[in-house]
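Single-structure report; data block below.
The values are calculated or read from the model by the stated rules, or taken from the named source; none is laboratory data. As the structure is a computational prediction, the values presented were derived from the model and not from experiment. Cβ atoms come from the backbone with ideal geometry, glycine included; neighbour counts cover every protein chain shown.
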Amino acid sequence: MSGAAAAAAAIAQAIKASGAIVRVSAEDFTTIVDRVERPLVVVSVGKVLVKRYHYLTSYKGLIFYTKSPRELMFKGTTEYITAGSIYVPN
């Protein structure tokens, strides 16, 4: 198997494992979280060159992802899970 074919197979496997992940803007992500009565948000802080906050949440069967240079604020009923990192395939 060529390197390109192996990479394509790895990406396909990652998509199967993770399901559908929808990338949205930080503003749209906040709007989605605010629609849920008791939302659950997974957050990770990346610090490679600059600090970036990465967020995941689910809504109506889809997983939504965003990243932001600043920490996002959500309503008081939001439950948070802090992850060491969040990987989203391209």
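Of note:
- Test: residue in region 10-26 that is surrounded by 12 or more Cβ atoms within 10 Å (Cβ to Cβ), modelled with pLDDT under 90 and in a strand (DSSP E or B): yes
- Residue in region 74-85 that is part of a strand (DSSP E or B), under 10 Å from the mean Cα position of the chain (by Cα) and either modelled with pLDDT of 95 or more or loosely packed, with under 15 Cβ neighbours inside 10 Å (or both) present: no
- Cβ-Cβ distances below 6 Å connect the following pairs, each with a first residue in region 28-42 that is free of Cβ contacts under 8 Å to residues at least 60 places away in the same chain and assigned to a helix (DSSP H, G or I), a second residue that is surrounded by fewer than 17 Cβ atoms within 10 Å (Cβ to Cβ) and not hydrophobic (A, V, I, L, M, F, W, C), and a separation of six or more residues or different chains: Ile32/Tyr59.
- Scanning region 26-62 for residues that are under 19 Å from Thr77 (Cα atoms) and aromatic (Phe, Trp, Tyr) yields Phe29, Tyr55, Tyr59.
- Residues of region 33-74 satisfying the condition of being at positive phi and touching a helix residue (DSSP H, G or I) at 6+ places or on another chain (Cβ under 8 Å): none
- Within region 47-71, the residues that satisfy the criterion of being without any contact (Cβ under 8 Å) to a residue 12 or more places away in the chain and either part of a strand (DSSP E or B) or basic (Lys, Arg) (or both) are Lys47, Lys60.
- Residue within region 46-57 that is touching a strand residue (DSSP E or B) at 6+ places or on another chain (Cβ under 8 Å), surrounded by 14 or more Cβ atoms within 10 Å (Cβ to Cβ), aromatic (Phe, Trp, Tyr) and modelled with pLDDT of 95 or more present: yes
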